[in-house]
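What follows is one structure encoded as structure tokens, with my remarks underneath.
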There are 4 protein chains.
Amino acid sequence: MELVVDQEVNIRFSEVDSMGVVWHGNHVKYFEDGREAFGKEYNLEYMDVYRKGFFMPIVSINCEYKKPIQYEQTVIVRTKYIPKKASKLIFEYTLISKETGETLAEGKTVQVFINHNRELQLVTPPFFEEWKSSHGIIHQ
Amino acid sequence: MELVVDQEVNIRFSEVDSMGVVWHGNHVKYFEDGREAFGKEYNLEYMDVYRKGFFMPIVSINCEYKKPIQYEQTVIVRTKYIPKKASKLIFEYTLISKETGETLAEGKTVQVFINHNRELQLVTPPFFEEWKSSHGIIHQ
Amino acid sequence: MELVVDQEVNIRFSEVDSMGVVWHGNHVKYFEDGREAFGKEYNLEYMDVYRKGFFMPIVSINCEYKKPIQYEQTVIVRTKYIPKKASKLIFEYTLISKETGETLAEGKTVQVFINHNRELQLVTPPFFEEWKSSHGIIHQ
Amino acid sequence: MELVVDQEVNIRFSEVDSMGVVWHGNHVKYFEDGREAFGKEYNLEYMDVYRKGFFMPIVSINCEYKKPIQYEQTVIVRTKYIPKKASKLIFEYTLISKETGETLAEGKTVQVFINHNRELQLVTPPFFEEWKSSHGIIHQ
């Protein structure tokens, strides 16, 4: 089963640069919007995880820019969970023009688990193993 | 004695909007740059205050925009401490063009003191009374 | 007739500071969200005005912070048009907790009209006079 | 010859998140600070390129986060030009703790050239070929 959530993005006037398009650093915020929408849909919100005793800092991000984003466009961020055996949380993102269906950007983030003492969890925390099985994620 | 600090501001490309000038919300960041430069100069940094047991949240801000700020301009933020008897910390800011000396914007912030339990301090905390006297601030 | 629009605000994780509350500069973004929602509702969007030949830069802003905003709160920005005879556009904003109805912050912006040559319009542009009459704004 | 510039980064209070470390999206701003410092050093500033008739939009970015950045840290961004025959501009970035010399993050951006009509330049623009030879960049 594929875990994926589509979320409309709120593009702010202040996010458009002097070239008249969304400044490239703002795509990172849209990815976060997508991750939060995913968390809301699948019970994996920042505060849920925090209460389980963990943070999930990002250790890697990338973004490929396909088309500039205009202020007046309506943009959808599609956030897809990528199952991994390792003690990591991986998402892939696609920014899509609602009007034309075109792909505007693609990206990926990798998150790890640390506890409240900031210690890296080399083994997947039990709460996340449970989350995975409750959503039918099975590693071959 | 007047307590005032001049600090050059780092204007980022991402802070310029599609009208080709610095987006108005970014002036708030420049005020903060000024406040930090002031804190560094006069031993009133965020972390100094934190270690004394307090935060100084902003409860009021205003900004009057006189001239648009262009990306290529060099901007100075002049931060001036405004002495008050009340348990408050007040700064006035002037954004100045380094090239022409023109005033680009003027603003003001009001901060209060809260302790780490988030309780408002109606009486000026002793550390801040000491800070004031060490800098020759006398209220008539 | 009162022109007012309520809009739910998207609070981003990245907008929360190390004190655990929304950083004070982000309220300016929420005001802009409110202004855009107002523009959408009452045909006064940035691009509408641009096509009429004008920009509406902000010349004054202020914000009074009543309560800190937490990441998990749902916040409504209420944007109210304040009628003026002068060649200005004035909005008042209230940030309201959706959960408790409490006022979290109050603010105000003043905008002026400039044409595409960046010339200040001391007389209200005709398109804005029309906008006012079409919305029943009568100055006594 | 290696073209590389070290620039101290201004870490803002507003860039630190509720986990007490710099929010991951802000590293993109530090990379831009590095790119601008590079442009200033080697005559490749945004406005220089603009006046030659071009923009250099970013088409790809990535960042690997090695250590969290604290508010009180002093951070250096090291920006290194990576010579390519293709009509592209590639930089690698290292964020370094000034205090300890540790690597805090590593990243890379790829930029392309478009003219003022937003047309992609598949062949390296002459001004950039000149820039390369004037800095001794020779492709084998």
So C:Arg35 ticks every box in (1) charged (D, E, K, R); (2) modelled with pLDDT of 95 or more; (3) closer than 17 Å to C:Phe127 by Cα but one. Which box is left unticked? (3)
Please specify each residue of segment D:97-112 satisfying the condition of being away from chain B (no Cβ under 14 Å) and either without any contact (Cβ under 8 Å) to a residue 60 or more places away in the chain or surrounded by fewer than 17 Cβ atoms within 10 Å (Cβ to Cβ) (or both). D:Ser97, D:Lys98, D:Glu99, D:Thr100, D:Gly101, D:Glu102, D:Thr103, D:Leu104, D:Glu106, D:Lys108, D:Val110, D:Val112
So which of D:Tyr42, D:Tyr46 is surrounded by fewer than 21 Cβ atoms within 10 Å (Cβ to Cβ), among the hydroxyl-bearing types (Ser, Thr, Tyr) and without any contact (Cβ under 8 Å) to a residue 24 or more places away in the chain? D:Tyr46
Cβ pairs under 9 Å, 6+ apart, first in segment B:118-140 and of a type in the set (S, T, N, Q), second open to solvent by 40 Å² or more (accessible area, probe 1.4 Å) and not in a loop (DSSP other than H, G, I, E, B): B:Thr124/B:Lys88
Complete set of residues in segment D:33-59 that are part of a helix (DSSP H, G or I) and of a type in the set (Asp, Glu): D:Asp33, D:Glu36, D:Glu41, D:Asp48
Only residues that are out of contact with any helix residue (DSSP H, G or I) (no Cβ under 8 Å at 6 or more places or on another chain) and either away from chain C (no Cβ under 14 Å) or assigned to a loop (DSSP other than H, G, I, E, B) (or both): list them for segment B:13-32, please. B:Met19, B:Gly20, B:Val21
Taking segment A:55-93 and keeping only residues that are touching a residue at least 60 places away in the same chain (Cβ under 8 Å), within 13 Å of another protein chain (Cβ to nearest Cβ) and open to solvent by 30 Å² or more (accessible area, probe 1.4 Å), one is left with A:Tyr71, A:Gln73, A:Thr74
Residues of segment A:75-100 that turn out to be modelled with pLDDT of 95 or more and basic (Lys, Arg), as a count: 4
Restricted to segment D:42-70, and to residues that are over 15 Å from A:Gly25 (Cβ atoms) and among the β-branched types (Val, Ile, Thr), which residue is nearest to the chain's Cα centre (by Cα)? D:Val49
Of all residues in segment B:1-12 being within 25 Å of A:Val22 (Cα to Cα) and open to solvent by less than 20 Å² (accessible area, probe 1.4 Å), the one that is nearest to the other protein chains (Cβ to nearest Cβ): B:Arg12
Restricting attention to segment B:8-28, the residues that are within 23 Å of C:Asn62 (Cβ to Cβ) and not hydrophobic (A, V, I, L, M, F, W, C) number exactly 6
Determine whether segment B:22-33 contains at least one residue that is within 30 Å of C:His116 (Cα to Cα), basic (Lys, Arg) and touching a strand residue (DSSP E or B) at 6+ places or on another chain (Cβ under 9 Å). yes
Going through segment C:42-54 one residue at a time, which ones are within 8 Å of another protein chain (Cβ to nearest Cβ) and of a type in the set (Phe, Trp, Tyr)? C:Tyr46
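The values are calculated or read from the model by the stated rules, or taken from the named source; none is laboratory data. The structure displayed is predicted, hence computed values, not measured ones. A quick note on method: Cβ atoms are made from the backbone with ideal geometry, for glycine too, and the neighbour counts reach across all protein chains shown. Ligands, DNA and RNA are excluded from the accessible area calculation, which covers all protein heavy atoms including side chains. Shrake-Rupley method; radii C 1.70, N 1.55, O 1.52, S 1.80 Å.
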